[in-house]
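Colleague: Quick one: this structure, given as structure tokens, is what I'll be asking you about.
The values are calculated or read from the model by the stated rules, or taken from the named source; none is laboratory data. Everything numeric in this text was worked out from a predicted model, so none of it was measured. Backbone-built Cβ (ideal geometry, glycine too); neighbour counts: all protein chains shown. Surface accessibility is based on the protein's heavy atoms, side chains included, excluding ligands, DNA and RNA. Shrake-Rupley method; radii C 1.70, N 1.55, O 1.52, S 1.80 Å.
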Amino acid sequence: MSTQGETREKTRINIREPKRYRVIMHNDDFTSMEFVVEILMDIFHKDVMEAERLMLMVHESGKAAVGSYPYDIAVTKVQAATARAKEEGFPFRLTVEEA
């Protein structure tokens, strides 16, 4: 039974996916290939095959995108990898760019 004069309000909720950001790994002549593979596996959760493929891509092309994440996650991964590289004495460089 409906009440006379009853109004229904429609609420429109617009949910958007957060923007994605690519983490770009840059080649240098000092960071070891083993270290890069280790970072790709530990921080970026790549399997051995994918980590080696990406490492070679970075080595041959000068840089490669290694993942796409929401901004906060991308920055956190870059900071973790950079901190680990600094501990090991490598000048390893990663950047974040909008996907």
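Colleague: Would you point out which residue out of 85, 51 is in contact with a Ser or Thr (Cβ under 9 Å, 6 or more places away or on another chain) and small (Gly, Ala, Ser)? Spell out the reasoning first.
Modeller: Values: 51 fails: in contact with a Ser or Thr (Cβ under 9 Å, 6 or more places away or on another chain).
That would be 85, the only listed residue that is in contact with a Ser or Thr (Cβ under 9 Å, 6 or more places away or on another chain) and small (Gly, Ala, Ser).
Colleague: Now for a different question. For the range 18-57, name all the residues that are open to solvent by 80 Å² or more (accessible area, probe 1.4 Å), assigned to a loop (DSSP other than H, G, I, E, B), out of contact with any Gly (no Cβ under 9 Å at 6 or more places or on another chain) and farther than 26 Å from residue 71 by Cβ.
Modeller: Correct list: 29 only.
Colleague: Right, next: Six or more apart or on different chains, Cβ under 6 Å: which pairs go from a residue in the range 31-51 that's without any contact (Cβ under 8 Å) to a residue 40 or more places away in the chain to one that's part of a loop (DSSP other than H, G, I, E, B) and of a type in the set (Lys, Arg)? Could you list them?
Modeller: What qualifies is 40/46.
Colleague: Quick check on the range 58-99: of everything there that is of a type in the set (Asp, Glu) and within 27 Å of residue 17 (Cα to Cα), which residue is least open to solvent (accessible area, probe 1.4 Å)?
Modeller: Let us first name the residues in the range 58-99 that are of a type in the set (Asp, Glu), namely 60, 72, 87-88, 97-98.
Narrowing the set further to residues that are within 27 Å of residue 17 (Cα to Cα) leaves 72, 97-98.
Working: 72: 114, 97: 71, 98: 99 Å².
Only one residue tops the list, namely 97.
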